[in-house]
Amino acid sequence: MEVRWLGHAAFELSTSLGKVLIDPFLNENPLAPIKAKDVAEAKLIVVTHDHFDHLGDAVEIARRTGAKIVAVPELAASLEGVEAVAVNMGSYVDIDGFKVALVQAFHTATKGAPVGCVVSVDGVTVYHAGDTALFSDMRLIGEVYGPDIALLPIGGYYTMGPREAAIAVSLIRPKVAIPMHYATFPVLVKGPEEFVEEVGRRAPGVRVVVLRPGESFRLP
């Protein structure tokens, strides 16, 4: 699996079964290296909640590519002209060979609860925390799903800041932590330096990978 950051909370997972997009906020994302029209292929699109910077261009992309959108039932029911898979928090669900679980997130949303997501395929498990505050049951997410890669918001104001996100890393204990949801808007933390330093102090066994928008990471 190759994990590509598309800026903000948007990621593309390239797998043997096809591509998975998470929170594809592209057209209005000042950091996105591509626009929605540039997405030629997608099998699944996982949306963590309905805020504009997460639902983003999911519907447009799904209509063009035929991708299924995975979301909580209330959000899934509101999406028109696409095939939506309504999943709630609780366990893995097999969707065309992809194992997908929606997990708790502490945030707000209009249509249903905000969530994080876990995607497991090709022997690699990725946890995308969505928009969330720090919460102690992140330890359970680490224990139950054992994510290899954790994608964590560090920007503050709407989500965890660098210190809280580093504590989250110490609870989850992934092999790799990748920061996201920073620098996009003026109120957000501008860079990952504090997060890198805090993870080094609180979870020294975890590798932090800082990507620039458009860059990819693959586990060795």
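Structure above, values below:
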item	result
Within-13-Å neighbourhood charge of residue 13 [Cβ basis; K, R +1; D, E -1]	-1
Principal-axis tilt of helix 162-172 within the chain, Cα atoms, nearest 10 degrees	80 degrees
Residue 93 long-range amide H proximity, modeled H, under 5 Å	100, 101
Shape parameters for the stretch 85-136, alpha-carbon atoms, Rg then Dmax in Å	11.6, 34
Neighbour cut-off at most 14 other Cβ (10 Å), DSSP loop, GluC sites (Glu not before Pro), the stretch 1-42	28, 41
Protection proxy ranking of 126-135, 164-173, 94-103 - average other beta-carbon atoms within 10 Å, highest first	126-135, 164-173, 94-103
Value of [θ]222 nm, deg cm²/dmol, for the chain, DSSP H segments ≥ 4, -39500 (n - 2.57) each, nearest 500	-5500 deg cm²/dmol
Förster radius 25 Å - calculated FRET efficiency between residue 92 and residue 193 (Cβ-Cβ, nearest 0.05)	0.10
Degrees between helix 193-202 axis and first principal axis of the chain (Cα, 0 to 90, nearest 10)	70 degrees
Cross-link pairs 43/68; 68/99; 43/175 - those with Cα-Cα distance over 18 Å	43/175
Local electrostatic count at residue 54 - Lys and Arg +1, Asp and Glu -1, tallied over other residues with Cβ under 10 Å	-4
Residue 143-residue 35 FRET efficiency (beta carbon distance; Förster radius 41 Å; 0.05 resolution)	0.60
Residue among 179, 90, 33 farthest towards the positive dipole end of the chain, charges placed on Cβ	179
The stretch 109-220 - accessible surface per residue (Å², probe 1.4 Å)	42 Å²
Highest to lowest packing among 14-22, 105-113, scored as the average C-beta count within 10 Å	14-22, 105-113
Percent carbon-and-sulfur accessible area, the chain, ignoring ligands, DNA and RNA, probe 1.4 Å	50 percent
Descending semi-axes in whole angstrom, ellipsoid equivalent of the stretch 1-155, from the Cα gyration tensor	21, 17, 16
Straight-distance crosslink candidates among aspartates and glutamates, where the alpha carbon sits under 14 Å from residue 37 and sequence neighbours closer than 8 are dropped	28, 57, 60
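The values are calculated or read from the model by the stated rules, or taken from the named source; none is laboratory data. Just so it is clear, the model here is predicted, and its values are computed rather than measured. Backbone-built Cβ (ideal geometry, glycine too); neighbour counts: all protein chains shown. Ligands, DNA and RNA are stripped out before the accessible areas are found, and what is left, the full protein with its side chains, is counted by its heavy atoms. Shrake-Rupley method; radii C 1.70, N 1.55, O 1.52, S 1.80 Å.
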